[in-house]
Amino acid sequence: MALLDFLNRKKKQEGALATMAPVLPPDIYAAGALDLADTIAPAALKVEPKSLALGEKYSRSFYTISYPRYLTDSWFTPIVNLPRVFDIGIHIHPVETGSALRNFQRKVAEVESQITERQEKGLVRDPMLDTAYQDLENLRDRLQQAEERLFDVGVYLTIYGSTPEELDKIEGEVRGILDAKLVYTKPALFQQEQGFRSTLPLASDELAVHSKMNSSPLSSIFPFVSFDLTSDRGILYGINRHNASLILFDRFSLENYNSVVFAKSGSGKSYAVKLEILRSLMFDTDVIVIDPEREYEYLAEATGGRLFNISLSSEHHINPFDLPPVKEDEEPSDILRSNIINLVGLFRIMLGGLTPEEDALVDRAITETYALKDITGDADFTGMEAPLLSDFESVLSGMEGSQSLVTRLSKYTHGTWSGFLNQPTNVDINKQFIVFSVRDMEDELKPVAMYIVTHFIWNAVRHELKKRLLVIDEAWWMMKSEDTASFLYSLAKRGRKYYLGVSTITQDVEDFLRSPYGRPILTNSSIQLLLKQSPTTIDTLKDTFNLTEEEKFLLLESGVGEGLFFAGLKHVAIRIVASYTEDQIITSDPSQLLAIKKEKDRLGGA
């Protein structure tokens, strides 16, 4: 019986526990689904009296409380042009004119009575009361004549920083600018959450801190002004088409030193780049240009530079097997390995692709070719004679399964193209301005030539640290092959470490962006210059650069040398301008070039 009673009690307890268990609703499993708000919201939010912690960032909101008697035009422009990340909320609430006039009438009566009272007491006239009376009367007249409207206006700012100290610094900058203009602000103490939401694009005025303002001063707050890109140092890129200010900028002051130039043929892209080169030379920047059309020859001649013509019949040669000198902080094995990888990529382009087996065979043949010259990763090979392409062919021909490779390679060693690669290097880039022209190279070999030249330049850049600018005109030639595009991307990504800025110029925007390395190169370029575009490519650019419809039509309707200039977070409409002397040196206009040639011939004959 005792056992039976125990089992009965146990059964009752389990039944009671079962009735107490919570019943889960059917939709509990859908609670983990993310919506848009979850995606864009910060990971965490901490509300403090004077700031908000938004994930890893901090924000602080404040509002304006007082304005001077007169607001000049563009007084808000220095705030808009401040190189900081911040949000501005301007909330404008119209006030019904009839009620405003009634309030004005009472206010005028109050001020008038104060003036009369002072006069009756024999007190000295108060200029502030007189001025207030005149202002009220003038504004009341304009309201009655419908020349003005009255508004309740709230101006709120939210600034952002990585640390509370950075937040204090930015607030000091902003409030300092406003205080100098007699516009006073206060932080939204214990209302930071409301202030933050009031500056979001939600049209929600949760702070509700308003100042009465009529139409004329309200128009001076108009925030859509053009950015200024005028810095204390740098070169002149052009004129701001919106406000006629100078666009002065130093590419070497940005997070990386790279730039891209997109434009249709004849829109002035080479002209703009040559102007930048000419002005950069005056600031001790070494410039190297890969020129596919020989457009930079006269510029090199005028500035004391040097032109190397790379072609099948040229006297200038670059040996792709050359190795850079080993620096103190580098390992010979790392340099040799990097060069072998680049050479495999070169042969992949030269031989029209490699199978995995051929890739391994070429890699081993290159290593053995270097070993023939006693070049290994175990010792410093600085100053040692590099092998030639014919040495590589000899090593490769002795390997099993290399017959197809040797056959394809023979045209570079014994055939029509043998004069191009199978020679020791005789190119010296010890001038401030160097141009490599590949105009006379056959189109089929241009990607090969540009790859070899850029690799040669990269070795020189790594050897000696100097401020340099590498300009690659018609870069779409290098985007045709994955190996050349990959090498160009590695230059753009690693160049900053060696004080190198890479400027890529192209008219074939779609081919450039279609490459898997096109957008990464664009992402790693702090400066972008978009000049006049064709209707066939404008939509691609609009999506890539998040252009507005107005900016899209601006690029379609721009003249030669006009477009959009992007630098960091800012962009402006630009017009490229040059002095007469600069124009004579950099022009690509055939008629101007012919006139210059005739003038030189005339002076030479005289």
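Just so it is clear, none of the values below were taken in a lab; they were calculated from the coordinates. The shown structure was predicted, so the numbers you read here are calculated from the model rather than taken from an experiment. Methodologically, a virtual Cβ is constructed for each residue, glycine included, from the backbone with ideal geometry; neighbour enumeration extends over all protein chains shown.
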Helix 97-120 versus the longest principal axis of the chain: what is the Cα-based angle in degrees, 0 to 90, to the nearest 10? 60 degrees
Starting from the Cα of Lys373, draw a straight line to each of the aspartates and glutamates and keep only those under 15 Å, dropping any in the same chain fewer than 8 residues away. Asp322, Glu385, Asp391, Glu393
J(HN,Hα) series, region 69-82, from Karplus relation 6.51 cos²θ - 1.76 cosθ + 1.60, nearest Hz, glycine and proline x: 5, 10, 10, 7, 4, 6, 5, 8, 4, x, 6, 4, 7, 4
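Hey, what number do you get for the chain at 222 nm if only DSSP H runs of n ≥ 4 count, each worth -39500 (n - 2.57), divided across all residues, to the nearest 500?
Working: 24 runs with 268 residues, N = 606.
Per the formula, -13500 deg cm²/dmol.
Taking the DSSP beta bridges in the chain as the whole, what percent of them are antiparallel, to the nearest 5? Intermediate results must be reported in sequence, preceding the final value.
Numbers: 47 of 75 bridges.
Around 65 percent of the beta bridges assigned by DSSP in the chain are antiparallel ones.
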From the backbone phi of region 520-536, what are the Karplus-calculated ³J(HN,Hα) couplings (6.51 cos²θ - 1.76 cosθ + 1.60, θ = phi - 60°) in whole Hz, Gly and Pro given as x? x, 5, 5, 5, 8, 10, 6, 10, 10, 10, 10, 9, 3, 10, 8, x, 6
Give the residue list of trypsin sites (Lys or Arg not before Pro) in region 55-148 that are DSSP loop and have at most 13 other beta-carbon atoms within 10 angstrom. Arg69, Lys121, Arg125
Once you've got the Cα coordinates, tell me which of Lys57/Lys274; Lys411/Lys466; Lys532/Lys570; Lys446/Lys467; Lys493/Lys570 are over 30 Å apart. Lys57/Lys274; Lys411/Lys466
Grab the beta carbon distance between Asp284 and Lys497, set R0 = 30 Å, and tell me the FRET efficiency rounded to 0.05. 0.95
Given H placed on each backbone N at 1.01 Å, which residues far from Ser437 in sequence or on other chains put an amide H within less than 5 Å of it? Asp291, Phe308, Asn309, Ile310
Amide H proximity to Leu469 below 5 Å, modelled H, separation 5+ or other chain, gives Asp286, Val287, Ile288, Gly501
Please compute the modelled spin-label separation between Ala53 and Leu246, points set 7 Å along Cα→Cβ, answer in nm with one decimal. 4.6 nm
Of the options Val155, Val326, Ser313, report the single residue whose Cα projects farthest towards the positive end of the charge dipole of the chain (beta-carbon charges: Lys, Arg +1; Asp, Glu -1). Val155
Lys327-Ser486 pseudo-label distance in nm [points 7 Å out on the Cα-to-Cβ vector]: 2.4 nm
Work out from phi, with θ = phi - 60° and the Karplus expression 6.51 cos²θ - 1.76 cosθ + 1.60, the ³J(HN,Hα) of each residue of region 193-210, listed in order in whole Hz, and give x for Gly and Pro. 5, 5, x, 4, 5, 6, 9, 6, x, 10, 6, 10, 9, 8, 6, 6, 9, 10
